[in-house]
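Since the structure comes first, as structure tokens, the remarks are kept for the end.
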Amino acid sequence: MGFDVLIDSMVSVFSSGSAIYVLLGVLLGLCFGVIPGLGGTTALALLIPVTFSMEALDAMYLAGGVMGATSFGGSITAILLNTPGTAPNAATTFDGYPLARQGKAGLAIGASATASALGGLIGLVTLLFVIPVARSVVLAFGPAEFFLLTMLGLVAIAVSSRGKLLRGLIAGGFGLMLAFVGTDTVSGELRFTLDTDYLWDGIPLVPTLTGMFAISQMIELGLKGGSVAGAVGDARQKISGVWDGVKAVFVHWPVLLRGSAIGTIIGAVPGLGGTVAAFMAYSSTVQSSRDPESFGKGNIVGVIAPESANNAKDGGSLVPTVAFGIPGSAETALFLGILVLHGIDPGPSILLDNQQEVYGLIVALTLSAVGASIIGLMFSRWLVLITYVNVHVLVPVVVTVSLTGVYVLDGKPGDVILAMIMGIVGYMMLRFDYPRLTLVIALVLGETAERSFHQTQMISDNDMLGFMAGRPQSLILIALTVLTLLLPALRRIRIAR
Amino acid sequence: MRNRFIRSLTVAAAALVACTGIASAEWPEKPITFVVPYSPGGGFDAYVRAVAPEMEKILGTEVVVENIPGAGGQKGASTVYRSDPDGYTIGIWNVPGLTVPQLLGKSTGYDLTDVTWIGNLATSNYALAVKADSPFNSLKELCSQGKPFKHSDTGPASTSSVTARVAMTLIDCPIQNVTGYKGSTDTIIGLMRGEVDATIKPLAQLLKYRKSGDVKILMTFEETRSAEDIPTSTELGYPDFANFDLRRIVGGPPGIPADIQEKLSAALLQAADAPSVQEWAASSNNALDPVGAEEASAIMQRLMDFYGSYKDVLAQ
């Protein structure tokens, strides 16, 4: 077990003065998190060249600081402006924003900070326990299980759109259609690319998310006028109740644990990531709640679940990394890139050869998960003032900054155009009451679903069902999917009695 | 009169000096852009970021690394191809990753036959590996199991997929390519999970997994042994296999003047020899075997002909 190494690393962060890099990372992460369109991936991609002149370990501290802080930063914007600061915060808007409109922004931010910090810690502790068996865990899950996981995610879409099932399915179907744009992973043929090489790599996620959530919300606000707090006729939004928010997380500890568990597991699956993790944590919480009608109207549990999941996913995403040196998420891919840049060759023995760097990253993530929440809470009093800013000032600033963020990631003008198109589509969906997150989840899942479906087909010699039937891990996932579909019906029967 | 003559002579001389001055003005006089056609954090990116600071010192001008990802590296390649041939824009090219789309007419905006080649930075040789406890001990056994052997890969256009399909066609060995893995490491993990029978991947990468006891390497695709205990394809009677390799080759747009090409090439070679770059290559297990402009151009010509003769296999 690596706890002794962990303690050594922890001590060396502080004694060598390298904690300053963690702190710098946390501040950067919070800023990139708060601003819609800029997220952890963008921050790390921009930092890679900067880290070239740093020591590898210091670069790890910086990267860990950034990674651990962005998702809490993003929740602040999600709660205050109904605009997720980073993609994984999308599910937080469902109940966070209604709370802010009821003048309970403090409660929501307090809960988000605590859930983020604890979720992050739970994910990392889980990682430390998994490390000795990480290799067998990664080898146990293949394309068949990845495919079944995406099915579970798609079923969650149906279940989570209670009352609006048809709209949910339409949005999900549209998302799946978008997922099939680009190069076919099996045949290499190009599909639906409209004769532009921009679409060869498919519909990119960051511009889509920024358009869907940030731009569309800014169109909505701009047309309404006034200010966020004023638009709802609220007298004075006070940042009170932060402590109640902190306490709420401990009161609802089962929600925290479930959210963290889902986040850790989804985080470990390459290609799914925080957005799916937070969405699944939210939908499973709604589903198992005794009072599902209260969600979407300002239920604090609806903030705790996604926020614990999207921070726990960092720990999970390091499982494939410590096992074989392969990335579990876009952020860990960049983290491995930093290592290569520093003359380190990540591979199956990364944990033996580069123990210092790996544990350095874990320590930085730990400090960041807690540090970001503390710093965030200190500043939240002033951040809430954003909701008083007149939207005619707010909208142009947010639109400009988020479109710039979209552009800097890859430097493609096409990304900016796509973000604007998605902004208009998103606004239409908002107006006509179609769930936007459902579309995004389907877009993310569609890619992995298609890829792993074909792989399973080829591996099993076209006998997918027979192949899955022989794998207990597949059967468990099939059972979970069936259960998810049946649970609402079973519940109704129980209530009827 | 005489005065005037002298004056006109002076003007003429001055003009001449100015003129030759322009022609031999010390190139470079502005920053050079070094394009990486992939996102930051990959192998090609790491190579460029390792040599760029050294080239900067040698050439006495800034060398700016710019990532232009997209369309499997073609976006960056076409950007370099279309830029002015003044030596201020160069890029790193993935060969045969970019060769094959061009041969199949699926490329956009570049033509490898007239790129100004500056030098080949590194060549990676391929090797054939199976799971550590696999019953297969030779390529012959893999080929004669009565059904196509399964091979793991990222996509049908990837370099190792091209290598696997062309090589197996050469010896009439049936192969089924299982594509869709998320990266070359993932294809090795797929092998370890038992999803496929074998995989053909760069030797350096496979050696790491042999060291950890996860895979067994059956042969390398080369003429002379680079790993002492692994037989080469040539030894085992597959002489053509040594043609397959992965090249990280540096080039600029068509028509860069020969003197500038020469300067860039010299700077690249000198940078690759710098202690900091050598140290990086050794510790990160990244091969470095730089060759200059002339040799690189010859290599590219040979590879175009080689892959060109298997166009119909590639098109499948």
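The values are calculated or read from the model by the stated rules, or taken from the named source; none is laboratory data. Note that this is a predicted model, so its numbers are computed, not measured. Here the Cβ is made from the backbone with ideal geometry for all residues, glycine too, and neighbour counts use every protein chain on show. All accessible areas refer to the heavy atoms of the entire protein, side chains included, with ligands and DNA or RNA removed. Shrake-Rupley method; radii C 1.70, N 1.55, O 1.52, S 1.80 Å.
Go through segment B:213-241 and report how many residues are of a type in the set (Ser, Thr, Tyr) and open to solvent by 40 Å² or more (accessible area, probe 1.4 Å).
So the answer is 3.
Would segment B:115-130 turn up any residue that is in contact (Cβ under 8 Å) with a residue 12 or more places away in the chain, within 11 Å of chain A (Cβ to nearest Cβ) and open to solvent by less than 10 Å² (accessible area, probe 1.4 Å)?
Scanning segment B:115-130 turns up no residue that is in contact (Cβ under 8 Å) with a residue 12 or more places away in the chain, within 11 Å of chain A (Cβ to nearest Cβ) and open to solvent by less than 10 Å² (accessible area, probe 1.4 Å).
Test residue A:213 against the criterion of being surrounded by fewer than 19 Cβ atoms within 10 Å (Cβ to Cβ), over 23 Å from residue B:76 (Cβ atoms) and in contact (Cβ under 8 Å) with a residue 60 or more places away in the chain, and give yes or no.
Details: surrounded by fewer than 19 Cβ atoms within 10 Å (Cβ to Cβ): no; over 23 Å from residue B:76 (Cβ atoms): yes; in contact (Cβ under 8 Å) with a residue 60 or more places away in the chain: yes.
For residue A:213, the condition - surrounded by fewer than 19 Cβ atoms within 10 Å (Cβ to Cβ), over 23 Å from residue B:76 (Cβ atoms) and in contact (Cβ under 8 Å) with a residue 60 or more places away in the chain - is not met.
Looking for whichever is away from chain A (no Cβ under 13 Å) and farther than 22 Å from residue A:458 by Cβ here; the options are B:163, B:232, B:169. Which one fits? First the steps, then the outcome.
Numbers: B:163 fails: farther than 22 Å from residue A:458 by Cβ; B:169 fails: farther than 22 Å from residue A:458 by Cβ.
Criteria check complete, one pass: B:232.
Take residue A:320 and tell me if it is of a type outside the set (A, V, I, L, M, F, W, C) and open to solvent by 10 Å² or more (accessible area, probe 1.4 Å).
no
Which residues, taken from segment B:303-316, are surrounded by fewer than 20 Cβ atoms within 10 Å (Cβ to Cβ) and in contact (Cβ under 8 Å) with a residue 40 or more places away in the chain?
Going residue by residue through segment B:303-316, those that are surrounded by fewer than 20 Cβ atoms within 10 Å (Cβ to Cβ) are B:303-306, B:308-313, B:315-316.
Answer for segment B:303-316, where residues must be surrounded by fewer than 20 Cβ atoms within 10 Å (Cβ to Cβ) and in contact (Cβ under 8 Å) with a residue 40 or more places away in the chain: B:303, B:304, B:306, B:308, B:310, B:311, B:313, B:315, B:316.
In the set A:56, A:19, A:91, which member is among the small types (Gly, Ala, Ser) and in contact with a His (Cβ under 8 Å, 6 or more places away or on another chain)?
Just one listed residue meets the conditions, A:56.
Among the residues of segment A:29-37, are any on the phi > 0 side of the Ramachandran plot and open to solvent by less than 50 Å² (accessible area, probe 1.4 Å)?
Yes: one or more hits.
If the requirement is being of a type in the set (Lys, Arg) and either closer than 30 Å to residue B:178 by Cα or touching a Cys at 6+ places or on another chain (Cβ under 6 Å) (or both), which of these qualifies: A:101, A:167, A:135?
Sole residue among the options that is of a type in the set (Lys, Arg) and either closer than 30 Å to residue B:178 by Cα or touching a Cys at 6+ places or on another chain (Cβ under 6 Å) (or both): A:135.
Considering only residues that are among the charged types (D, E, K, R), in a helix (DSSP H, G or I), open to solvent by 50 Å² or more (accessible area, probe 1.4 Å) and within 11 Å of chain A (Cβ to nearest Cβ), which ones fall in segment B:45-77?
Hit for segment B:45-77 is B:75, nothing else.
So which pairs qualify, if the first residue must be in segment B:72-91 and in contact (Cβ under 8 Å) with a residue 60 or more places away in the chain and within 18 Å of residue B:121 (Cα to Cα), the second must be open to solvent by 10 Å² or more (accessible area, probe 1.4 Å) and aromatic (Phe, Trp, Tyr), the Cβ gap must be under 7 Å, and the two must be at least 6 apart or on different chains?
B:87/B:27
Give the residues of segment B:138-159 that are touching a Phe, Trp or Tyr at 6+ places or on another chain (Cβ under 7 Å) and within 14 Å of chain A (Cβ to nearest Cβ), sorted by residue number.
B:152, B:153, B:154
Please count how many residues of segment A:166-193 are of a type outside the set (Phe, Trp, Tyr), more than 24 Å from the chain's Cα centre (by Cα) and outside any strand (DSSP E or B).
Residues that pass the stated criteria total 8.
I need the helices (runs of 4 or more DSSP H) fully contained in segment A:1-109, keeping only those with at least 2 residues that are away from every other protein chain (no Cβ under 14 Å).
Values: elements: A:3-15, A:19-34, A:40-51, A:56-81, A:93-101.
Passing ranges, in order: A:3-15, A:19-34, A:56-81, A:93-101.
Select from segment A:109-149 the residues that are in contact with a Ser or Thr (Cβ under 8 Å, 6 or more places away or on another chain) and polar (S, T, N, Q) and write down the one among them that is nearest to residue A:476 (Cα to Cα).
Looking at the filtered set, the residue picked out is A:126.
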